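Novice: One structure, pasted below without further comment.
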Amino acid sequence: MRGSGPLAGVTVVSVEQAVSAPLCTRALGDLGARVIKVEAPGGDFTRYYDDVVHGLAAHFVWVNRGKESLVLDLKSPHGSRVLHRLLERADVFVSNLAPGAAAKLGISADDLTARHPDLITMEIDGYGPGGPLSHKRAYDLLVQAEAGACAITGRPGEPAKPGPPMADVCTGLYAALSITALLAERGRSTARYSPAMASVSMFDTMTELMGYALTYTRHTGVDQQPAGMGSPAVAPYGAYPTADGHTVVLGTTNDREWRRYARDLLGRPDLADDTGLATTADRVAARERLDAEIARWCVRHTLRDIQSAADAAGIGNAKLNTPSEVLAHPQHKARDRWREIGTPGGPTLAPLPPPVLSGRPAPMGDVPALGEHTEAILRELRLDQQELTIEIEERANSDT
């Protein structure tokens, strides 16, 4: 549904792979931008992680809907020439190639700004330029480990990777936010704008997400230990089995909530009045004792009864769900949050983007087949017939 959304009329060209840049450009596409994904003849490698979505990988389907796939061999003169002709018409260029790869292809930010001064460029990388790790490949788990996120996830002595790829996802979202800010800046300016080169590194992003833990350690000298389903900052806050085989998550974030939790939910005024549990720091120190008391209470009650009582007491609560349960979650169903999109092998369902923009429905386009839009884009660029034949033959030869 090209032409709808606040970014309608904006063209984004991406040389992208994996998750961070594809999520960035998908977010821009969800806001109405036209996104042209330039793929090597073999395609984005995440197309082939698995084949669970009608022969296509779940990773690829997740972050590549609503895009046009253009196959180009950027190592060839013809492929490079077509890309630059495309960039003459584009507003934004996004890339997340391996260290040094963009420069070798002549599409680094400096290269593109010199040749296309009106283009907004966004380079997503692992560790940012100029440091001892700048040369390293950066995958989500590697960056999360390097930034300390795995050390505060899991349990003491058992570090774990957070389930979602936080480094990839949040880097992609910071990149999309930066691009929309630069587009807004241009929209406000009456003067000719200066070149806009932007970059976001995954390591910088994860360091930002580690803000609380790093601030705490800087001022205490203490490396907080992971607390499983709890939090090192507050207590009680955790997951507890129920009488009917579920797991309920209960938590407090301040002293008043704790007194309601103890008195109105647990029926324990003695705990509410215990001066040794009056502050957050007191309760964190007594975490094991409190967790044991709460677990003994929860295992005698059903999930429904616990959540009803917690709601009545004004205590935050949730059910620990599996992915299968989230797919059928009544909150999504009641709010009509799933939409059908097309893939090369058939339809699938995808959740609506999180931002709800009144009167501006997200386009929610299809997932493209590899090279599906190549010939149409080449014709749009008004290549003459000889050039078009060369490009089409070159692409066909690359596919064989």
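Novice: Within the chain, count lysine pairs with alpha carbon atoms under 27 angstrom apart where the residues are 8 or more positions apart or belong to different chains.
Specialist: 13
Novice: Using only helices, what value at 222 nm comes out for the chain when you add -39,500 (n - 2.57) per DSSP H run of length 4 or more and divide by the total residues, to the nearest 500 deg cm²/dmol?
Specialist: Values: 18 runs with 159 residues, N = 400.
Taking each H run of at least 4 residues, the total per residue is -11000 deg cm²/dmol.
Novice: Cα atoms only: what Rg and Dmax, in Å, come out for the chain?
Specialist: 25.4, 86
Novice: Could you state the number of Å between the C-alpha centres of the range 339-370 and the range 46-115?
Specialist: 21
Novice: In addition: Could you please report the charge total around residue 230, scoring K, R as +1 and D, E as -1 over all other residues with beta-carbon less than 12 angstrom from its beta-carbon?
Specialist: Spelling it out: positives minus negatives among the neighbours equals +1.
Novice: Who wins for biggest fluctuation among 18, 196, 262 in a Gaussian network model of the chain, springs between alpha carbons below 10 Å?
Specialist: 262
Novice: In the calculated pair distance distribution of the range 1-142, what percentage of Cα-Cα distances lie above 19 Å?
Specialist: Summing the P(r) tail past 19 Å for the range 1-142 gives 53 percent.
Novice: Something else: Whole-Hz ³J(HN,Hα) for each residue in the range 238-244, computed from phi via Karplus 6.51 cos²θ - 1.76 cosθ + 1.60 with θ = phi - 60°, x for glycine and proline: what do you get?
Specialist: Each residue of the range 238-244 in turn: x, 10, 9, x, 10, 5, 9 Hz.
Novice: A further question on this structure: Using only the alpha-carbon atoms, how far is helix 20-30 inclined from the longest principal axis of the chain? Give it as 0 to 90 degrees, nearest 10.
Specialist: Helix 20-30 sits roughly 80 degrees off the main axis of the chain.
Novice: Would you look at the GNM of the chain, springs on alpha carbons closer than 10 Å, and say which of 67, 104, 161 moves the most?
Specialist: 104
Novice: Tell me the angle of helix 77-87 to the major Cα principal axis of the chain, expressed in degrees between 0 and 90 and rounded to the nearest ten.
Specialist: In the chain, helix 77-87 runs at an angle near 70 degrees to the longest axis.
Novice: Mind pulling the angle between the C-alpha long axis of helix 166-188 and the longest principal axis of the chain? Nearest 10 degrees, somewhere in 0 to 90.
Specialist: The angle comes out at about 60 degrees.
Novice: With a 1.4 Å probe and all protein chains in place, put 209, 349, 74 in order of accessible area, largest first.
Specialist: Accessible-area ranking of 209, 349, 74, largest first: 349, 209, 74.
Novice: Among 151, 227, 312, whose mean-square fluctuation peaks in a Gaussian network model of the chain (Cα, cutoff 10 Å)?
Specialist: Per the Cα network of the chain with a 10 Å cutoff, 312 tops the list.
Novice: Let a ≥ b ≥ c be the square roots of the eigenvalues of the Cα gyration tensor of the range 202-308; is it rounded (a/c under 1.5), or, if not, prolate (a/b larger than b/c) or oblate?
Specialist: Taking the square roots of the gyration eigenvalues as a ≥ b ≥ c, the range 202-308 is oblate.
Novice: I would also like to ask the following. I need the phi-derived Karplus couplings for the range 263-274: 6.51 cos²θ - 1.76 cosθ + 1.60, θ = phi - 60°, integer Hz, Gly and Pro marked x.
Specialist: 7, 8, 8, 7, x, 10, x, 5, 6, 4, 8, 5
Novice: Could you state the orientation-averaged shadow area of the convex hull built on the Cα atoms of the range 80-224, in nm² to one decimal?
Specialist: Its average projected convex-hull area is 10.9 nm².
Novice: Separate question: I'd like the accessible area for residue 293, computed on protein heavy atoms only with a 1.4 Å probe and all protein chains in place. Round to 10 Å², please.
Specialist: 50
The values are calculated or read from the model by the stated rules, or taken from the named source; none is laboratory data. Because the structure is a prediction, the values reported are computed rather than measured. Cβ: placed from backbone, ideal geometry, glycine included. Neighbour counts: every protein chain shown. With ligands, DNA and RNA removed, areas are computed over all heavy atoms of the protein, side chains included. Shrake-Rupley method; radii C 1.70, N 1.55, O 1.52, S 1.80 Å.
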